[in-house]
């Protein structure tokens, strides 16, 4: 199945899928570092991996704010969403985080 979005038109390559999955799942061990590194490495090569990494980075930032507000109770929810996003990325599907996806689209249009 071919995915279509504002950022790419063809199914992502295996390397792009792995990079995106690392950005998502890497947050479980390196909260901001994993998506930031993927973003910096892939931003000139892969619109798919760049988009997914930037979303993961913004979702991590939102997770940090919400977790402070809830005394850490929100952390498991945010991590589960990151892991689900990694699964979707490995499948080559677009994944859009709530709020973060909209923010990335707005940033990349301007």
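The values are calculated or read from the model by the stated rules, or taken from the named source; none is laboratory data. It should be emphasised that the depicted structure is a prediction, and the values quoted were computed from it without experimental measurement. Here the Cβ positions follow ideal geometry from the backbone for every residue, glycine too, while neighbour counts run over all protein chains shown.
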Does the range 53-73 contain at least one residue that is at pLDDT below 95, over 23 Å from residue 12 (Cβ atoms) and not in a helix (DSSP H, G or I)?
yes
Given the criteria touching a helix residue (DSSP H, G or I) at 6+ places or on another chain (Cβ under 7 Å), modelled with pLDDT of 95 or more and surrounded by fewer than 18 Cβ atoms within 10 Å (Cβ to Cβ), does residue 33 qualify?
no
Given the criterion more than 21 Å from residue 103 (Cα to Cα), more than 15 Å from the chain's Cα centre (by Cα) and in contact (Cβ under 8 Å) with a residue 60 or more places away in the chain, identify the matching residue among 11, 17.
11
Among the numbered conditions (1) out of contact with any helix residue (DSSP H, G or I) (no Cβ under 6 Å at 6 or more places or on another chain); (2) farther than 24 Å from residue 110 by Cα; (3) free of Cβ contacts under 8 Å to residues at least 12 places away in the same chain; (4) part of a helix (DSSP H, G or I), tell me where residue 81 comes up short.
(3)
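Among residues belonging to the range 91-108 that are in a helix (DSSP H, G or I) and without any contact (Cβ under 8 Å) to a residue 40 or more places away in the chain, point out the one that is surrounded by the fewest Cβ atoms within 10 Å (Cβ to Cβ). Talk me through it step by step, then tell me what you get.
Filtering the range 91-108 for residues in a helix (DSSP H, G or I) gives 100-108.
Still in the list and also without any contact (Cβ under 8 Å) to a residue 40 or more places away in the chain: 102, 106.
On the way: 102: 13, 106: 9.
Looking at residues that are in a helix (DSSP H, G or I) and without any contact (Cβ under 8 Å) to a residue 40 or more places away in the chain, I get 106.
Here are 48, 84: which of them is surrounded by fewer than 19 Cβ atoms within 10 Å (Cβ to Cβ) and closer than 17 Å to residue 20 by Cα?
Values: 48 fails: surrounded by fewer than 19 Cβ atoms within 10 Å (Cβ to Cβ).
None of the other options fit; the residue is 84.
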